[in-house]
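The values are calculated or read from the model by the stated rules, or taken from the named source; none is laboratory data. Being a predicted model, the structure only gives us computed values, none of them experimental. FYI the Cβ positions are ideal-geometry reconstructions off the backbone, even for glycines, and counts take in every protein chain you see. Ligands, DNA and RNA are excluded from the accessible area calculation, which covers all protein heavy atoms including side chains. Shrake-Rupley method; radii C 1.70, N 1.55, O 1.52, S 1.80 Å.
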Amino acid sequence: MKTSIILPTGSTVTSGDPVVELEHVSFDHGSERVLDEVSLRIGRGDFLGIIGPNGSGKTTLLKVLLGLLRPASGQITLFGSGVRVFREWARIGYVPQKATAFDARFPASVLEVVLSGRSGVAGMGRRFGERDRAAAEDALETVGMLELRARPIGRLSAGQQQRVFIARALASRPELLLLDEPTVGVDVDAQEQFYSLLRRLNREFGTTLVLVSHDVSVVAGEVTHLACLNRRLVFHGSPEEAMRSGALAQLYRAESLVVAHHH
Ligand code: ADP
């Protein structure tokens, strides 16, 4: 079923059935309002980029969406269920920020890291079986890292580690994949590989993607939908509409103001 969403800007964009719905979600860190009345609907098959200056609430939004942080007010619905009662976590993959910034002496192998992504399917504390192993190897194949499955995770480049953490998120075969600033510290070649992997996941497997980034220029060229966040949702629509509406220019101005403020 296709639904038509009325955007705050008055234009429309079509999306599949909602996978995520946020309604008037607000969140405070202490006395600081970090998310202010954010309403956002993510449709099945969307590739959504969430952009905004540093401190605009992007990471907080993902954590609230996943039920890791509890909002001060508002409703969050995942696959039709309220986030507080939602239990099908294997349907969602999450690659947190700085997933790759850990000690090089960390003893786990690539395959072990990816297998740990199966615990939502296998059940916590249960032993992994043949199906888990096959799914983990499939995920490693998808990201082009199967050959290095026995390598200690600490002995990989940043770009390779990033692919392993994406494979970990893919191991449960999620319908929705959330990635927080995944290209930080990754070189240009690895970035190009990363975006081509995302395109494949989105187009071939129909995975709904949510990518948080401050890299506006790159992200706008890849995604089907853009959400511009500055504690409030400034814009949600197609990248083309974002350009036309001046939302991006506004956000950039806001960013230069933030930078100026810090100096
Ligand atoms: P972004 O991901 O867009 O950079 P964040 O969601 O990380 O933004 O942060 C939004 C705001 O919330 C920032 O002002 C940040 O200082 C504040 N913040 C984030 N985490 C915490 C925390 N654990 N305690 C207090 N304030 C926080």
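Observations
- Residue within region 178-192 that is polar (S, T, N, Q) and in a helix (DSSP H, G or I) present: yes
- Answer residue from region 186-226, given it is within 16 Å of the ligand (Cβ to nearest atom) and either on the phi > 0 side of the Ramachandran plot or of a type in the set (A, V, I, L, M, F, W, C) (or both) and is farthest from the chain's Cα centre (by Cα) among those: Val216
So that you can scan it fast, the table gives a plain yes or no per residue for (1) touching a helix residue (DSSP H, G or I) at 6+ places or on another chain (Cβ under 9 Å); (2) part of a loop (DSSP other than H, G, I, E, B); (3) of a type outside the set (Lys, Arg):
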{"residue": "Pro53", "(1), (2), (3)": "yes, yes, yes"}
{"residue": "Val64", "(1), (2), (3)": "no, no, yes"}
{"residue": "Gln75", "(1), (2), (3)": "no, no, yes"}
{"residue": "Phe86", "(1), (2), (3)": "no, yes, yes"}
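- Restricting attention to region 27-48, the residues that are within 13 Å of the ligand (Cβ to nearest atom) and either within 12 Å of the chain's Cα centre (by Cα) or at positive phi (or both) total 1.
- Members of region 115-146 that are over 18 Å from Leu197 (Cα atoms), hydrophobic (A, V, I, L, M, F, W, C) and buried (at least 16 other Cβ atoms within 10 Å of the Cβ): Leu115, Val121, Ala122, Phe128
- Any chance Arg149 is open to solvent by 40 Å² or more (accessible area, probe 1.4 Å), out of contact with any strand residue (DSSP E or B) (no Cβ under 9 Å at 6 or more places or on another chain) and either at pLDDT 90 or above or farther than 25 Å from Thr208 by Cα (or both): no
- Test: residue in region 39-46 that is at pLDDT 95 or above and surrounded by fewer than 16 Cβ atoms within 10 Å (Cβ to Cβ): yes
- Some residue of region 80-88 being in contact (Cβ under 8 Å) with a residue 40 or more places away in the chain and among the hydrophobic types (A, V, I, L, M, F, W, C): no
- Screening Glu112, Glu23 for residues that are in a strand (DSSP E or B) and open to solvent by 40 Å² or more (accessible area, probe 1.4 Å) leaves exactly one candidate, Glu23.
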